[in-house]
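Can you keep this structure in mind? I'll have questions shortly.
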Amino acid sequence: MSGSALYETFARAPLAFDRGEGTWLVTDKGERYLDFAGGIAVNSLGHSHPHLVAALTEQAAKLWHVSNLYEIPEQRRLGERLADATFADKVFFTNSGAEALECAIKTARRYHFVKGHPERFRIITFEGAFHGRTLATIAAGGQYKYLEGFGPKVEGFDQVAFDDIDAAEKAITPETAAILIEPVQGEGGIRPVPTQSLKRLRQLCDKHGLLLIFDEVQCGIGRTGKLFAHEWTGVTPDLMAIAKGIGGGFPMGACLATDEAATGMTAGVHGTTFGGNPLAMAVGNAVLDVVLADGFLEDVQRKALLLKQGLAAVADEFPDVVEGIRGTGLMLGLKCAMPNTKVNMALHDQHLLAVPAGDNVIRLLPPLTVTDEEIGEALKRIRGGAKGLTDAIAAEAAK
Ligand SMILES: Cc1ncc(COP(=O)(O)O)c(C=O)c1O
């Protein structure tokens with residue numbers, strides 16, 4: 001017995017935060033932490049952003065929930081804004097990233113079903129992927145550690161090596177419905193997929209009549225300096241799952257689709273009680289007000305460069321701690337030369353929050369509103385952590 005009534009599914013740090021201010025989190029004891037974890041890429045505009053607080057409290061005073069039995073004007077508006085800003089024509093709102101992926105998977109399967117090909121239900125995915133924790137999305141992610149003990153893996157997912165487009169082509173069969181990929185792998189260790197590879201996947205999908213699904217749950221909503229990461233490549237998907245940053249901390253997600261891809265999603269075939277509720281929609285619209293404002297994303301790109309250059313200097317200075325820097329925009333990874341948990345602990349001791357990821361990487365996911373001064377402060381703390389670890393290695397060697 002741990003003395004807690006909660007499931008023991010999370011290895012939590014013994015820290016409780018009382019409030020947040022922009023890029024800072026403050027504990028119940030008044031200690032301040034610089035937040036480069038961002039609730040795992042969720043707090044796109046930092047903590048307590050005045051425009052989001054106003055949008056949420058105004059909506060909270062008016063109307064919380066009505067269900068999708070009725071028109072929700074803010075939902076219609078956010079759907080139209082997302083469609084206007086992207087490849088998409090249609091949007092389905094969800095409460096989470098995993099549900100957005102579930103919707104994308106179902107939409108792809110239904111597409112082939114209504115085209116007279118119910119046998120086409122399989123989806124090709126990539127090693128290192130993370131798509132969520134529902135039964136279908138753990139099957140899509142294909143990671144044994146998330147599948148073990150949960151019964152038979154949901155049928156219909158074929159996984160190939162990361163960025164192995166030849167293998168993806170070989171995996172296509174008459175049963176294949178779609179290819180699902182994160183343009184930048186997040187949990188997998190901040191691994192951007194080369195532009196050329198996404199272009200080849202688009203060509204493969206067009207050639208074989210497959211749908212291309214992007215998972216931009218982590219890399220979307222300005223994180224890479226464009227509204228969506230795939231915009232850097234010129235490749236557009238047929239379907240896309242988003243979540244995290246669009247709610248800025250309010251739980252929400254969405255599945256975006258072209259008219260053609262959404263052909264099978266007719267009345268009654270899919271649903272949700274909470275998805276698209278007025279509170280979430282008010283916040284989603286408020287996030288877009290800020291992220292789509294003139295110059296905002298350009299400034300994210302400028303700040304990202306500042307952070308990346310600073311990190312590259314740290315990697316040069318402390319090669320025993322940081323092997324290299326990877327990623328794009330404000331989605332950067334420190335590839336560690338020692339266990340990433342140790343590096344994370346050293347950063348934590350410097351009161352800098354970051355997130356470990358696969359492939360021995362530490363993720364830095366500051367809010368898009370991070371200031372130049374805060375980037376400077378983070379670099380100072382990362383350097384401090386790396387120096388402590390380097391000194392410890394030297395002291396050990398001298399023994
Ligand atoms: C790329 C990606 N897809 C899907 C998910 C699942 O999102 P959620 O935890 O909101 O269900 C995550 C969560 O980390 C993610 O990073």
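The values are calculated or read from the model by the stated rules, or taken from the named source; none is laboratory data. This one's a predicted model, so the numbers in the text were calculated from it and none came from an experiment. Note that each Cβ is placed from the backbone with ideal geometry, even for glycine, and that neighbours are counted across all protein chains shown. Accessible surface is based on the protein model in full, side chains and every heavy atom, while ligands, DNA and RNA are left aside. Shrake-Rupley method; radii C 1.70, N 1.55, O 1.52, S 1.80 Å.
For Gly310, only one of the following conditions fails: (1) touching a strand residue (DSSP E or B) at 6+ places or on another chain (Cβ under 9 Å); (2) touching a residue at least 40 places away in the same chain (Cβ under 8 Å). What is its number?
It is condition (1) that Gly310 fails.
So for the range 4-21 (the condition being free of Cβ contacts under 8 Å to residues at least 24 places away in the same chain, open to solvent by 80 Å² or more (accessible area, probe 1.4 Å), assigned to a loop (DSSP other than H, G, I, E, B) and closer than 30 Å to Pro237 by Cβ), does at least one residue qualify?
Taking every residue of the range 4-21 in turn, none turns out to be free of Cβ contacts under 8 Å to residues at least 24 places away in the same chain, open to solvent by 80 Å² or more (accessible area, probe 1.4 Å), assigned to a loop (DSSP other than H, G, I, E, B) and closer than 30 Å to Pro237 by Cβ.
Within the range 325-332, identify whether any single residue is open to solvent by less than 10 Å² (accessible area, probe 1.4 Å), under 18 Å from the mean Cα position of the chain (by Cα) and free of Cβ contacts under 8 Å to residues at least 40 places away in the same chain, and answer yes or no.
Scanning the range 325-332, I find no residue that is open to solvent by less than 10 Å² (accessible area, probe 1.4 Å), under 18 Å from the mean Cα position of the chain (by Cα) and free of Cβ contacts under 8 Å to residues at least 40 places away in the same chain, so the answer is no.
Restricting attention to the range 89-138, which residues are away from the ligand (no atom under 13 Å from the Cβ), in a helix (DSSP H, G or I) and of a type in the set (A, V, I, L, M, F, W, C)?
Ala108, Phe113, Val114
Return the only residue of Val314, Val321 being surrounded by 23 or more Cβ atoms within 10 Å (Cβ to Cβ), modelled with pLDDT of 95 or more and of a type outside the set (S, T, N, Q).
Within the list Val314, Val321, the selection yields Val321.
With the requirement that a residue be open to solvent by 10 Å² or more (accessible area, probe 1.4 Å), more than 20 Å from the chain's Cα centre (by Cα) and of a type in the set (Ser, Thr, Tyr), what does the range 171-196 give you?
The one that is open to solvent by 10 Å² or more (accessible area, probe 1.4 Å), more than 20 Å from the chain's Cα centre (by Cα) and of a type in the set (Ser, Thr, Tyr): Thr173.
Then there's this: Mind listing just one residue for me: the one in the range 24-71 that is within 16 Å of the ligand (Cβ to nearest atom) and part of a helix (DSSP H, G or I) and, of those, surrounded by the fewest Cβ atoms within 10 Å (Cβ to Cβ)?
Looking at the filtered set, the residue picked out is Ile40.
Which of (1) within 12 Å of the ligand (Cβ to nearest atom); (2) touching a Phe, Trp or Tyr at 6+ places or on another chain (Cβ under 9 Å) is the odd one out, the single condition Ala177 does not satisfy?
Single failed check for Ala177: (1).
What's the total number of residues in the range 212-252 that are surrounded by fewer than 22 Cβ atoms within 10 Å (Cβ to Cβ) and within 11 Å of the ligand (Cβ to nearest atom)?
1
Here is a further query. Looking at this structure, is Ile138 under 16 Å from the mean Cα position of the chain (by Cα) and free of Cβ contacts under 8 Å to residues at least 40 places away in the same chain? If you could, list the steps in order and put the result at the bottom.
Details: under 16 Å from the mean Cα position of the chain (by Cα): yes; free of Cβ contacts under 8 Å to residues at least 40 places away in the same chain: yes.
So Ile138 passes the test.
Quick test of your reading of the structure: Leu297 fulfils all but one of (1) touching a residue at least 40 places away in the same chain (Cβ under 8 Å); (2) outside any helix (DSSP H, G or I); (3) surrounded by 17 or more Cβ atoms within 10 Å (Cβ to Cβ); (4) of a type in the set (A, V, I, L, M). Name the failing condition by number.
If we test Leu297 against (1) touching a residue at least 40 places away in the same chain (Cβ under 8 Å); (2) outside any helix (DSSP H, G or I); (3) surrounded by 17 or more Cβ atoms within 10 Å (Cβ to Cβ); (4) of a type in the set (A, V, I, L, M), just (2) comes out false.
Of all residues being assigned to a helix (DSSP H, G or I) and touching a helix residue (DSSP H, G or I) at 6+ places or on another chain (Cβ under 6 Å) in the range 143-170, which is most open to solvent (accessible area, probe 1.4 Å)? Just the residue, please. Steps first, please.
If we filter the range 143-170 for residues that are assigned to a helix (DSSP H, G or I), which is where we start, we get 144-147, 165-170.
From the residues that got through so far, the ones that are touching a helix residue (DSSP H, G or I) at 6+ places or on another chain (Cβ under 6 Å) too are 146-147, 165, 169.
Numbers: Tyr146: 46, Leu147: 29, Ile165: 8, Glu169: 68 Å².
Restricting to residues being assigned to a helix (DSSP H, G or I) and touching a helix residue (DSSP H, G or I) at 6+ places or on another chain (Cβ under 6 Å), the top hit is Glu169.
Which condition does Gly264 not pass, out of (1) under 18 Å from Ala85 (Cα atoms); (2) open to solvent by less than 10 Å² (accessible area, probe 1.4 Å); (3) in contact (Cβ under 8 Å) with a residue 40 or more places away in the chain, if it passes all the others?
Only one criterion is unmet by Gly264, namely (1).
Tally up the residues in the range 353-372 that are within 22 Å of Gly248 (Cβ to Cβ) and charged (D, E, K, R), please. Before you say what the answer is, go through the steps one by one.
Step one: of the range 353-372, the residues within 22 Å of Gly248 (Cβ to Cβ) are 353-355, 357, 363-372.
Then drop every residue that is not charged (D, E, K, R), which leaves 363, 372.
Number satisfying all stated conditions: 2.
Here is a check on your reading of the model: is Ala100 closer than 22 Å to Gln59 by Cβ, among the small types (Gly, Ala, Ser), within 24 Å of the chain's Cα centre (by Cα) and surrounded by fewer than 24 Cβ atoms within 10 Å (Cβ to Cβ)? Steps first, please.
Working: closer than 22 Å to Gln59 by Cβ: yes; among the small types (Gly, Ala, Ser): yes; within 24 Å of the chain's Cα centre (by Cα): yes; surrounded by fewer than 24 Cβ atoms within 10 Å (Cβ to Cβ): no.
Against the criterion (closer than 22 Å to Gln59 by Cβ, among the small types (Gly, Ala, Ser), within 24 Å of the chain's Cα centre (by Cα) and surrounded by fewer than 24 Cβ atoms within 10 Å (Cβ to Cβ)), Ala100 does not qualify.
Take Lys29 and decide whether it is more than 13 Å from Gly249 (Cα to Cα) and at pLDDT 95 or above. Steps first, answer last, please.
Details: more than 13 Å from Gly249 (Cα to Cα): yes; at pLDDT 95 or above: no.
The answer is no for Lys29.
Yes or no: Asp163 away from the ligand (no atom under 11 Å from the Cβ) and in contact with a Pro (Cβ under 7 Å, 6 or more places away or on another chain)? Working first, answer last.
Working: away from the ligand (no atom under 11 Å from the Cβ): yes; in contact with a Pro (Cβ under 7 Å, 6 or more places away or on another chain): yes.
When the stated conditions are applied, Asp163 passes them.
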